[in-house]
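Let me begin by presenting the structure, written as C-alpha cells, before commenting on it.
The values are calculated or read from the model by the stated rules, or taken from the named source; none is laboratory data. Being a predicted model, the structure only gives us computed values, none of them experimental. In this analysis, Cβ positions are derived from the backbone assuming ideal geometry, glycine residues included, and neighbour counts consider all displayed protein chains.
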Amino acid sequence: MLSITRLRGCLLASRGTIVPSLRQKSFSPLAFYTTQASSSNITNNSSTADYYLSSDRITEKDLNSRKTYLMDLYKHINDTNEILLYVHHNNLNKADNKIVRSELSKINNSTFHYLRVGIYRVYLRNETDSDPAAKGVTSKYKDVDHPLSPLLNGPTAIISIPKGDPENVSKVLKLIKKHQDRLILIGAKVEKSVYDIDQVNVYKDLPDQLTLQSQLAGLLTILGGAGLVRTLETASTHLYLTLEERRKDIDPSEKKEEEEGN
C-alpha cells in the first residue's frame, strides 16, 4: 500500500497537472500515481521526489497533514514556473472553472490553482528557505514582509506559466479579460521580481527572448560592437604574448635555445 507521504511526493515531483485539492471526490491518488509512474514523469525528476519523500524531514506540522502538503505544493509551483499571475476569483462555478482550466492548458500548459491565503502567506515568508515547511522555519521568518502579501485578500488564485514568454502572458491576460466578471488580475511574479498590474501590461508587449537577443546583437554592431569584440580579442592576444615572454624570462635556458636557433 502506498503511503500518503509517497503519494504526495510523486504528485509534486510530476511535471503534469497538479490536483488542486485532495478533497475532490473524482481524484484517486493511487490512479494518478500509477498513470504518472507508467509515463516515467516521476523517475525523470528524482531530485524533486527525493526532497518530498525524504524520511529525514522534520516539518512544523505532521508530514501527512494538509498544511504540509500545501506548503510543499506552493514550493513546487514556485520552483517549476517562471511566471505566476495572481488573480481574485469571484463566484467561479464548476462549469467556469473547467472552461478556464481547459483554455489555460492550451497556453504552454499553464495551470490554475486556488490558494489557501493564510497558508500561502506563511509560504511567502518562508520561501527563501530550502524547506519552507520545516520545523522552526515559520518562527525564523515571522517578521518578513513579502511584497505580495498585501495583495492576498479575499478569494485568490494563481495562474502558473512554465516559461517566461511575454506572448504567453498576453494570451493569459486575454483569457482573464474574457472572464473579467469572474477573474481580476492583481499582480504577478516574473522569475524573482514582483510586478504590479501596469508592469505586467508592459511585460506582455515585450518581444520574446530570441527577438531581444537579435535586437541586442544589431544594436551592438551599430554602436561598434564588432570593434569591441576585436578589441577584446586583441587584449587577450596581447596578454598571452606578455605571459609567454615572462615565461621565457623565468626559464633562461628556453630563451637561449630560441636565440641559438635564430
Any helices (runs of 4 or more DSSP H) falling wholly within the range 1-111 and containing at least 2 residues that are over 28 Å from Asp181 (Cβ atoms), modelled with pLDDT of 90 or more and over 18 Å from the mean Cα position of the chain (by Cα): 66-80
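Under the condition of being of a type in the set (S, T, N, Q) and at pLDDT below 95, which residue from the range 140-165 is surrounded by the fewest Cβ atoms within 10 Å (Cβ to Cβ)? Let's see the steps before the verdict.
Taking the range 140-165 first, the residues of a type in the set (S, T, N, Q) are 149, 153, 156, 160.
Retained after the next criterion (residues that are at pLDDT below 95): 149, 153.
Working: Ser149: 14, Asn153: 10.
So, considering only residues that are of a type in the set (S, T, N, Q) and at pLDDT below 95, the one surrounded by the fewest Cβ atoms within 10 Å (Cβ to Cβ) is Asn153.
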Answer residue from the range 168-218, given it is assigned to a loop (DSSP other than H, G, I, E, B) and touching a helix residue (DSSP H, G or I) at 6+ places or on another chain (Cβ under 8 Å) and is farthest from Asn108 (Cα to Cα) among those: Arg182
Residue satisfying all of: in the range 132-146; touching a residue at least 12 places away in the same chain (Cβ under 8 Å) and out of contact with any helix residue (DSSP H, G or I) (no Cβ under 9 Å at 6 or more places or on another chain); nearest to Tyr69 (Cα to Cα) among these: Lys135
Residue that is surrounded by the most Cβ atoms within 10 Å (Cβ to Cβ), among those in the range 173-194 that are on the phi < 0 side of the Ramachandran plot and under 17 Å from the mean Cα position of the chain (by Cα): Ala188
Residue in the range 113-126 that is in contact with a helix residue (DSSP H, G or I) (Cβ under 7 Å, 6 or more places away or on another chain) and surrounded by fewer than 16 Cβ atoms within 10 Å (Cβ to Cβ) present: yes
Residue match in the range 111-131 (condition: free of Cβ contacts under 8 Å to residues at least 24 places away in the same chain and closer than 28 Å to Glu167 by Cα): no
